[in-house]
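What follows draws every value from the coordinates through simple rules; no lab data is involved. The shown structure was predicted, so the numbers you read here are calculated from the model rather than taken from an experiment. For neighbour counting, all protein chains shown are included, and Cβ atoms are generated from backbone atoms with ideal geometry for every residue, glycine included.
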Amino acid sequence: MSKEKFTIALDGVDPDKVPKKTLCTGEKIPSIGFGTFGSDHVSAEEVAEAVRGAISVGYRLIDCAAVYGNEHAIGEVLQEVMQAGIKREELWIVSKLWNDMHGEGDVLIACAKTLKDLKLEYLDLYLVHWPFPNTHPPGCDVNYRDPSARPYIHEEFMKTWRQMERLVKAGLVRHIGTSNMTIPKLKLLLRDAEIKPVCNEMELHPHFQQPELFKFLIDNGITPIGFCPLGSPNRPERDRTPEDTVVLEDPVIVKIAQNHNVHPAVVCLKWAVQRGQIPIPFSTKREHYLSNIKGVVEDPLTEEEMKEIEAIDKNCRLIKGQVFLWPGAKDWRDLWDEDGEIAT
Ligand SMILES: NC(=O)c1ccc[n+]([C@@H]2O[C@H](COP(=O)([O-])OP(=O)(O)OC[C@H]3O[C@@H](n4cnc5c(N)ncnc54)[C@H](OP(=O)(O)O)[C@@H]3O)[C@@H](O)[C@H]2O)c1
């Protein structure tokens, strides 16, 4: 990792100029964040270095997760930037509970480990990464199956959620939320939660707009955070199928990018922020992460361009989650309750 002293980049974006969204609690959150999943091929140190660069150019929301295996390295960077003068309250640090820590007593242990690794006293947002306790080893292929995998069981999920609520009450996390949820699962959670999820993290890009779930979230005061906002061009092999489309090569995105003189990635991010989700793009390249954040503070898309992008939705889910399937499940669609019922 670079040993140069952390400084605010002169060519970056003033974090105060980055649009904010208001959560249902009234709390403000930056409208763009920075991803930290190295897709099994970018080292923890490289990801941490990218986080350091991202904070220097104006990102304040960092999307972490225990399973990414790099929170210890990101923690070093967070400590360094705070020693350099960035206040803890200026940062929005998200992390996620991994699937093997849903059990009774495990959530506090998992959160404490994440806090220790990130060198923080609290998280701004803690998400349940997946609504199943089904796991996979790092770097596994698409055919891996957890022998003890099971479908969504609401009573089990609520036991995990009660522990998430206790973290809020204990002051270890400021907000809690979900990830990879569906409407029927969220309806049960909203019915039974004492502390409601403020955000749901989900795959969102112009080829996978999830209009129904998106509307459900907005109607219920839950802010959508969009992962793979660029269609995750470097995602792991296990998350690739021949049917997958490439959003960055979509002719509509390419044409709009030419009109604005930016990379197609920047168009995807402008669209995301203007539509109302919080995109969390990842990059290890400074020119990329700098242009990504610049893109959301200048030269917005027109209403016409927003409509053109709305029309290119291909319902193309990239992160299908096959490795989380349980014995007896038909195929990956069972993870996503496509017929409106929770698959068993
Ligand atoms: N909750 C969940 O289950 C879940 C699932 C998946 C992801 N996530 C989160 O979402 C984040 C984002 O998803 P992702 O990393 O899979 O995909 P992504 O952000 O859609 O795509 C990242 C890739 O795009 C490239 N890129 C970034 N900016 C670019 C630009 N301006 N021009 C050209 N290429 C550009 C990057 O390559 P270079 O490094 O070469 O720029 C990087 O490999 C993750 O890092 C993670 O934090 C969460």
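General remarks:
- Distances between placed amide hydrogens fall under 5 Å for L61 paired with F34, W92, all partners being 5 or more residues away or on another chain.
- Of all DSSP bridge pairs formed entirely within segment 166-253, close to 10 percent run antiparallel.
- Length added when fully stretched, N315-H41, from 0.36 nm per residue minus Cα-Cα: 95.9 nm
- Loop exposure criterion: GluC sites (Glu not before Pro), DSSP state outside H, G, I, E and B, at most 16 other Cβ atoms within 10 Å. Applied to the chain, the longest stretch between such sites is 28-103.
- Annotation: the antiparallel percentage among DSSP beta bridges lying fully within segment 15-138 is about 25.
- Fraction of antiparallel bridges per DSSP, the chain only, in percent to nearest 5: 15
- Couplings 3J(HN,Hα) of segment 110-121, computed from phi: 5, 5, 4, 5, 4, 4, 5, 5, 7, 6, 10, 8 Hz, in residue order, whole Hz [Karplus 6.51 cos²θ - 1.76 cosθ + 1.60, θ = phi - 60°; x for Gly and Pro].
- Rounded to 0.05, the FRET efficiency of the K119 and T302 pair, given R0 = 51 Å and the Cβ-Cβ distance, is 0.70.
- When each of K169/K314; K187/K307; K187/K320; K96/K285; K113/K320; K169/K330 is checked by Cα-Cα distance, pairs over 31 Å: K169/K314; K169/K330
- Relative contact order of segment 118-212, taken over Cα pairs closer than 8 Å and 6 or more residues apart, is 33 percent.
- In sequence order, segment 56-61 has phi-based couplings of 5, 9, x, 5, 10, 9 Hz under the Karplus curve 6.51 cos²θ - 1.76 cosθ + 1.60, θ = phi - 60°, and Gly or Pro positions carry x.
- Taking P15, P279, P211 in turn, the Gaussian network model of the chain (Cα-Cα springs below 10 Å) assigns the largest fluctuation to P211.
- Per-residue [θ]222 nm for the chain (sum of -39500 (n - 2.57) over DSSP H runs n ≥ 4, rounded to 500): -10000 deg cm²/dmol
- Cross-link pairs K5/K255; K87/K196; K17/K255 - those with Cα-Cα distance over 32 Å: K5/K255
- Rounded, prolate or oblate (a/c below 1.5 giving rounded, otherwise prolate when a/b exceeds b/c) for segment 64-209 by Cα gyration tensor: prolate
- Database remark: amide H of I225 closer than 5 angstrom to the amide H of N200, E201, M202, I278 (H placed geometrically; neighbours at sequence offset of 5 or more, or on other chains; Pro and chain starts carry no H).
- Within the listed set T245, T22, T182, the Gaussian network model of the chain (springs between alpha-carbon atoms below 10 Å) gives the highest mean-square fluctuation for T22.
- Cα-based shape type of segment 36-113, given that a ≥ b ≥ c are square roots of the gyration tensor eigenvalues and the cut on a/c is 1.5: oblate
- Rounded, prolate or oblate (a/c below 1.5 giving rounded, otherwise prolate when a/b exceeds b/c) for segment 1-56 by Cα gyration tensor: oblate
- For segment 7-24, 3J(HN,Hα) per residue [Karplus equation, 6.51 cos²θ - 1.76 cosθ + 1.60, θ = phi - 60°, Hz, x = Gly/Pro]: 9, 6, 6, 6, 9, x, 10, 5, x, 5, 8, 6, x, 10, 10, 10, 6, 5
- Separation between Cα centres of segment 52-126 and segment 7-30, rounded to whole Å: 18
- Note on D337 and V254: the model spin-label points, each 7 Å out from Cα along the C-beta direction, lie 3.9 nm apart.
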